[in-house]
Each structure stands twice: as C-alpha cells, then as structure tokens.
Amino acid sequence: MGDGTQVRGYNFAYLDEGTKRSIRRIILKAIAIPGYQVPFGSREMPLPYGWGTGGIQVTASILGPDDVLKVIDQGADDTTNAVSIRRFFSRTANISTTERTTEATIIQTRHRVPETPLHEDQILVYQVPIPEPLRWLEPRETETRKMHALEEYGVMHVKLYEDIAHYGHIATAYNYPALVNRRHVMATSPIPKFDNPKIDRIPALQIFGAGREKRIYAIPPYTEVKSLDFEDHPFSIETWDQCCAMCGDTESYLDEVITDDEGTRMFVCSDTDHCRRRRDDGHAGPGEPGEDAPGDDNGGAGKGLPG
Amino acid sequence: MMDLGPPLLSVQGMTKFYGRLVGCRDVGFDLWPGEVLCVVGESGSGKTTLLNCLNGGLEPTSGSIKYETRHEGTVEITTLSEAKRRFLSRTDWGIVYQNPRDGLRMRVSAGANIGERLMAVGARHYGNIRSEAATWLRNIEIDEDRIDDPPSTFSGGMQQRLQIARNLVTKPRLVFMDEPTGGLDVSVQARLLDLLRGLVTELDIAAIIVTHDLAVARLLGHRLMVMQGGRVVESGLTDQVLDDPHHPHTQLLVSAILTP
C-alpha cells in the first residue's frame, strides 16, 4: 500500500467504475483473440494523446489496491513521463510503486520490454501510438479491418521487400511487425526489434492500449509471436560491438549517449533498473570515455553503431 | 466442331440499377479460355458498370455470373463469399485500370509492385521474388535498372505496362481491362497494344477489354459486344461486326471512325 495520501474527489485509480468495467470486458475479448485490435470507448485523460493515454486507461482498469506499479519510458524509470504516471497512480489509487522489475506486478511501458525475464504474476501494459500495422500501406480503416478478417497480409512483406531493395537488409528497427498466434499481424508499438524475441511465448500477460486510436489488443501468456521475414533474409536483432559503459553488459539493449560537444559518446543500458542491479552485483563497465575506469579493455566507448 | 469444354465465364441476365438509373440491363455472354472479348460503346453506355459487376467491384441487382475455377469447379460469383472472391481476384484474375495510379502503389518500387501478388499468395523468398520481378520488367520492355524506382518516376506508358505486369505475374486466367490505352499518345498506344497482344497469346489469357476505341477492338478482340444505354445491341466476331454492322448504333459507331 502507499503512504495513505490518496487525493480526495476521485474514484480509485481515477476512472469511474463503469468505465473500468467496460475496459476490462474489452481486455477479456482482446485476450480471447490474441493480436486482434478491439475498439474501446477511450476516455479523455488528464494528459495529452501520445503521452500514454491508452496505457494509463488499461493500467487504471486492472489496478488493485495491492498492486505494485512500475512505469518505464525509453527503458528508464526516471524520465518525466515515467515519473508523472507513477505519481498519478500513487496519488489517485494510493498504491505503492517501484523501479525494480522483479517487485512489480504491473509494468507500464512504451519503448522497451524489461531485460529481466517476467513471470506469470506480472502484466506488461504498452502505450501504443499507432496500433494498425497495415496503415503504412493501406490508409482506409474499412479496408485494413477486412484485410485482418481475411488474413490478407501479403502487403506487410511489400514493406520488408522495400527495405531490402533500398538498404540491402530489413531496415525496420522498431515497431517490427509480428504474427501473433499464427493468425493476426500486430504492431509491436515502438519497441525495438531487439525486444521482439522477448515477447514471444513469455509467462506474463501483455496488454496494448492505444488511447487516441481507441484500440486494445493483447498477447496472452505463452503465446507465439513470430516476427515477419523472408526465407533468405531471416529476422535478426541489433548487436553492438561494445558493452555498457556503466555495467559492462554485452547482452542488453544499449542507448548511445553523447557526453560533450565534441562528439564523444558512450553506450549505456537502456534499461536503468537492469543496469543498476548489475552494478549492485559488482559488475562494472569501462566508464565514461576519458575517465580512468577499471575494466576498460575494449578501447573505450566510441565509434561503433548498432547494426 | 471442336469441343471447347465449359466456358471460363458465363453471364446471364445481368442487370445493375443505380437506384432508378440503369447501369446495364440483361447482359449475357459466354467467354472461353484464351478468348479476348472487347466491349465497345459510347460514353455512358454501361461498359464500365458491366466490367465492375463482373470483377466483383459492384454487386449486380440481378443475374448470374458463373466462373470456372482451377480447382473448385464452377462457382457463382454473385453469391461467392467475399474472402473467396478477393482470393480469386488476386490469383486467377487481373484488373487493369484506365488510370495506372488506381492499380499501382505509387510510393513503393516497381519491383515491389510486381512482387506484391506473389507475396500475397505466400512467396517468402526475396531472391526469387526479385528475379521474377526483373523477368517481368524485361517482358514489358522496361530497363531492369529501374527495378528499385517508384512508378511515380515512370512515364504514363511505362506505368500502364507496369500495371499489366503486376497483374500478370501470378499467371491469371482472366484479365479485366478498362480502357487500357486511354490517356496514352498514339505511338505509346501502338506499342502497348503490341505488347498486350503478344502476352495474351503467349500466356493464353482470356480478357475482357472495355474500350471506346474501335481500333483497339479490331486489333485485340476475337469477339465484340456493342453496348448502348445499358443493353448489348450487337455482338459477334470482331471483323464481322466492324465490317458488316447490322444495328444502327453499331453503324453509327463504325462510320464515326476518322480515317486520316
């Protein structure tokens, strides 16, 4: 439980009970048809579209008094959006929040899937800007719905074909389309394709909420999520030729950080909780460029780009 | 007489009303595999309505359209489920629009335009799709180097040829064309007609071509249907109809041809 300072005048978790019930019904339907976008009556929330209105409504609907909430934005727990949403729920629902993936029961995210593997008692809630994966090739909503209904997904490969034709490889790096439960093609929201394997057959429930577009979809636990590809250009994830400058990890998704105005840069874990936990466990990276840090055995951070 | 087997397409009593207005009325014909049927008539005579009813773009008010599929025998198009009709139209059929912008994806490359139908029926090997696209570009006399250029950088004639290639890549058995040479200048028209005639013969494709240009009908059509006010007023072998027109409206159309 939180610190007992829930704001007065609001229902538990801000939304009224009727709205929460209707959204829960939508979520049940979304779970029943993995990857299918279910329309819902999205409400006005006290933050602008694009800041996570869909995710917040899903979280508000499934939140109970005993839940522990973690919110991440770009993998980090300490960015403005993450801090605001955590504070919003600790004030309107008086629940406790955490930055530790292992302690959370509900994790709301936008750009990343936590590096720490999730378990069955956790729910991952995504904030989705554009839920329709076919939108790039087909602007008509009536037509895209029909294409989903009839499993006409050939055009998704047109997009991948274009990537290979122009760049020599599949250059789609985020929101990489995937086939859920061998039936519906789904937008993976702005997570990097690095995270696509991490949403395949995992024990946690995943719910995607798009507030402006008024759609909710879900991936039930242990559901297959297959990234689309070509036989001769198989799906692959990003790799880096160096490790995290702070914790030395070579397995996690790295952000490039520019440290001065002379182009010096370093790579650090995008998942701040993962990075902190590794440092607590005694791991260390080469440190900031120019710093005389221990374990600097790969020539310092610098030139390499994700590829 | 040679046994032709069942007709590929058999249309009976097909009528389309737009409210009180008549689109086309009581149209009936049979089309055999490999046959090219031209539909001519003045503007507003119901040619395009007829074509759209046949290819599933419009629902006819009454009548029957029977199509002989490759694997499932004869199906009735008017009662076929939308899923199956859409599958037919991207595998067994081709639709070539008058304006190539209606039939092409203008923002993706020529190669992807040709490859789209292959991917829609399950091709998942990039190399194979690309080499098939290159083959088709050669077939339609477009330089292979243009494979990664979007159609918006092509001339009108090239766009129209690309649209034809995009439709023929899955080797359809029936192609619907609405004024395929409209909007092209005469020399480009001649080249396109030449190409079309070659491809249709080579691949043994049946085609229904709507045109108001009797020269196109003369060059491509085995048979001809003349429409006026939504009805078919005369039909027969192309040469027969054009050289010896019986119906006054056909006589009018034939006598209206300008000879330089």
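Taking into account only those residues within region B:95-135 that are at the interface with another protein chain (Cβ under 8 Å from one of its Cβ atoms) and among the hydroxyl-bearing types (S, T, Y), which is farthest from the chain's Cα centre (by Cα)?
Residue satisfying both the conditions and the ranking: B:Y126.
Yes or no: region B:142-152 includes at least one residue that is farther than 26 Å from B:D243 by Cβ, away from chain A (no Cβ under 14 Å), at pLDDT 90 or above and surrounded by 18 or more Cβ atoms within 10 Å (Cβ to Cβ).
For region B:142-152, residues farther than 26 Å from B:D243 by Cβ, away from chain A (no Cβ under 14 Å), at pLDDT 90 or above and surrounded by 18 or more Cβ atoms within 10 Å (Cβ to Cβ): present.
Using the structure shown, decide if A:K146 is over 24 Å from the mean Cα position of the chain (by Cα) and either within 28 Å of A:T53 (Cβ to Cβ) or in a loop (DSSP other than H, G, I, E, B) (or both).
Working: over 24 Å from the mean Cα position of the chain (by Cα): yes; either within 28 Å of A:T53 (Cβ to Cβ) or in a loop (DSSP other than H, G, I, E, B) (or both): yes.
When the stated conditions are applied, A:K146 passes them.
May I ask you to say which residue of B:T201, B:T238, B:T250 is of a type in the set (S, T, Y) and under 16 Å from the mean Cα position of the chain (by Cα)? Spell out the reasoning first.
On the way: B:T238 fails: under 16 Å from the mean Cα position of the chain (by Cα); B:T250 fails: under 16 Å from the mean Cα position of the chain (by Cα).
None of the others qualify; the one that does is B:T201.
May I ask you to say which residue of A:H157, A:H233, A:H169 is surrounded by fewer than 22 Cβ atoms within 10 Å (Cβ to Cβ), in contact with a strand residue (DSSP E or B) (Cβ under 9 Å, 6 or more places away or on another chain) and within 14 Å of chain B (Cβ to nearest Cβ)? Spell out how you get there, then give the answer.
Details: A:H157 fails: surrounded by fewer than 22 Cβ atoms within 10 Å (Cβ to Cβ); A:H233 fails: in contact with a strand residue (DSSP E or B) (Cβ under 9 Å, 6 or more places away or on another chain).
Result of the check over A:H157, A:H233, A:H169: A:H169.
So for region B:153-170 (the condition being away from every other protein chain (no Cβ under 14 Å), among the charged types (D, E, K, R), under 26 Å from B:L51 (Cβ atoms) and out of contact with any Gly (no Cβ under 7 Å at 6 or more places or on another chain)), does at least one residue qualify?
Taking every residue of region B:153-170 in turn, at least one turns out to be away from every other protein chain (no Cβ under 14 Å), among the charged types (D, E, K, R), under 26 Å from B:L51 (Cβ atoms) and out of contact with any Gly (no Cβ under 7 Å at 6 or more places or on another chain).
Go through region A:210-230 and count every residue that is of a type in the set (D, E, K, R) and within 14 Å of chain B (Cβ to nearest Cβ).
First, the residues of region A:210-230 that are of a type in the set (D, E, K, R): A:212-215, A:224, A:226, A:229.
Narrowing the set further to residues that are within 14 Å of chain B (Cβ to nearest Cβ) leaves A:226, A:229.
Count: 2.
Grab the helices (runs of 4 or more DSSP H) fully contained in region B:205-260, keeping just those with 3 or more residues being under 22 Å from B:P33 (Cα atoms).
Numbers: elements: B:214-220, B:238-243, B:248-255.
By residue number, B:214-220, B:238-243.
The values are calculated or read from the model by the stated rules, or taken from the named source; none is laboratory data. Computed from a prediction, not measured in an experiment: that's the story for all the values here. Glycine gets a Cβ as well: all are built from the backbone with ideal geometry, and neighbour counts include every protein chain shown.
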